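Q: Take a look at the following structure, please.
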Amino acid sequence: MQEPRLERQGRRLAHPAWRFLAVAVVLAIPGVVLVTIDNSWSLPFGIALLLFASLPAAVAVALLFSASVARWAARHKLFA
């Protein structure tokens, strides 16, 4: 590893990403259950929960992508 500072930054970015991903899963599981039950009132609530779960999931994916780019750059490897 040529740049330990970038490696540390990549690890620091990845750590909260797993928490955001856990929050997204906790919100998505009841949403999926409500969508599959599909009673008259449960479908909109299930879709709303899935939409709320997509927000922390998008943050988690962005953080994981940024962490992987930082860790890749720390090793001075080419991206393309």
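Q: Counting only residues that are touching a residue at least 12 places away in the same chain (Cβ under 8 Å) and assigned to a loop (DSSP other than H, G, I, E, B), which one in region 68-80 is nearest to Leu21 (Cα to Cα)?
A: Only one residue fits best here, namely Arg75.
Q: Return the pair list, or none, for Cβ contacts closer than 8 Å from residues in region 1-23 that are among the aromatic types (Phe, Trp, Tyr) to residues that are modelled with pLDDT of 85 or more, at least 6 apart or on different chains.
A: From region 1-23, the pairs are Trp18/Ala60; Phe20/Pro56; Phe20/Ala57; Phe20/Val59; Phe20/Ala60; Phe20/Leu63.
Q: Counting only residues that are within 30 Å of Arg8 (Cα to Cα) and either loosely packed, with under 12 Cβ neighbours inside 10 Å or of a type in the set (S, T, N, Q) (or both), how many does region 31-66 have?
A: Summing the residues that are within 30 Å of Arg8 (Cα to Cα) and either loosely packed, with under 12 Cβ neighbours inside 10 Å or of a type in the set (S, T, N, Q) (or both) in region 31-66 gives 2.
Q: In addition: State the number of residues belonging to region 38-53 that are more than 9 Å from Leu27 (Cβ to Cβ) and within 23 Å of the chain's Cα centre (by Cα).
A: 5
Q: Consider only pairs whose beta carbons are under 9 Å apart and that are at least six residues apart or on different chains; among these, list those whose first residue lies in region 38-67 and is more than 11 Å from Leu21 (Cα to Cα) and whose second residue is outside any helix (DSSP H, G or I).
A: Gly46/Asp38
Q: Right, another one. Looking at region 1-10 only, could you name the residues that are in a helix (DSSP H, G or I), touching a helix residue (DSSP H, G or I) at 6+ places or on another chain (Cβ under 8 Å) and surrounded by 12 or more Cβ atoms within 10 Å (Cβ to Cβ)?
A: Answer for region 1-10, where residues must be in a helix (DSSP H, G or I), touching a helix residue (DSSP H, G or I) at 6+ places or on another chain (Cβ under 8 Å) and surrounded by 12 or more Cβ atoms within 10 Å (Cβ to Cβ): Leu6, Glu7, Gln9, Gly10.
The values are calculated or read from the model by the stated rules, or taken from the named source; none is laboratory data. Remember, it's a predicted structure, so these values are computed and weren't measured experimentally. Quick reminder, even Gly has a Cβ in these numbers, built from the backbone with ideal geometry, and neighbours come from all protein chains shown.
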